[in-house]
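See below for the structure under consideration.
Every read-out reported here was derived from the displayed coordinates using simple, explicitly stated rules and does not represent laboratory data. Only a predicted model underlies this, so the values are computations on that prediction, with no experimental measurement involved. Here the Cβ positions follow ideal geometry from the backbone for every residue, glycine too, while neighbour counts run over all protein chains shown.
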Amino acid sequence: MVFKRRDRRPIWQIVLDFIYPRGGWLRAFEYVKHRVRRLPDTPEKISRGIAVGVFTTYTPFFGLHFLVAFLLSRLVRGNVLASLMATFFGNPLTYVPIAATSLWFGHRILGTPPGDGANVRGMGRRISDAWSDLWHNFKAIFTPERMEWAGLRVFYDDFFFPFMVGAIVPGVISGAIAYYLSVPVIRAYQRRRRSKLQAKLQALGKKPTEGA
């Protein structure tokens, strides 16, 4: 295959690159920013894609952020590729504060006590208990063991549902900020790029005349 990597990375290298990409997060961010600005679309449509991509990172659908961003960008008629790249806003460095913010708003809106599920240790325990129940229930399909739902129920009540509800407020605010900051930046970049292209075309058009 043309695009297949020649050097197969071990699992630990894939995980490490996800947590801290080669060249650092700053370089990765600059790469994504450069790619977004060069997208062939209107500034408004690209910015709508960025907005929904940022919004998506506040939702608890980990592992499905690309799919959620894709569906939302189609719904608001934003640039799909921009929305996918904007999910980069959610990364191992920002997931904890994003989750804590969404959970805080969620419990405030629902009027429920946050409990220890709002801190890092509590989040980890809720997720671990949910995965344990899922794995146990999967094995129970093929064995006489009874299915267990306690961990999943606590995960849903204390973590997932408040997370999903609370994501609306910070997600919409962050998405709106991303939109209104992106539009003028992308518009200015596209204008500058067009002017440079026109200058190059004019220079190419003058060369034959000057050499005659």
query = Which FRET efficiency value, to the nearest 0.05, do you get for residue 71 and residue 164 by plugging their Cβ-Cβ distance into 1/(1 + (r/R0)^6) with R0 = 22 Å?
reply = 0.90
remark   = Using alpha-carbon coordinates alone, the radius of gyration and Dmax of the stretch 80-165 in Å work out to 15.6, 49
request  = Please go through the stretch 130-212 and write out the trypsin sites (Lys or Arg not before Pro) that DSSP classes as loop and that have at most 16 other C-beta atoms within 10 Å.
outcome  = 146
note = In debye to the nearest 20, the charge dipole size for the stretch 94-174, taken about the Cα centre with +1 at each Lys and Arg Cβ and -1 at each Asp and Glu Cβ, equals 100 debye
ask   = Given the Cα-Cα distance of residue 137 and residue 173 and 0.36 nm per residue of separation, how much length would full extension add, in nm?
value = 9.1 nm
Positive-end extreme of charge dipole, the stretch 94-174 - chosen from 147, 132, 161 (charges on Cβ) = 161
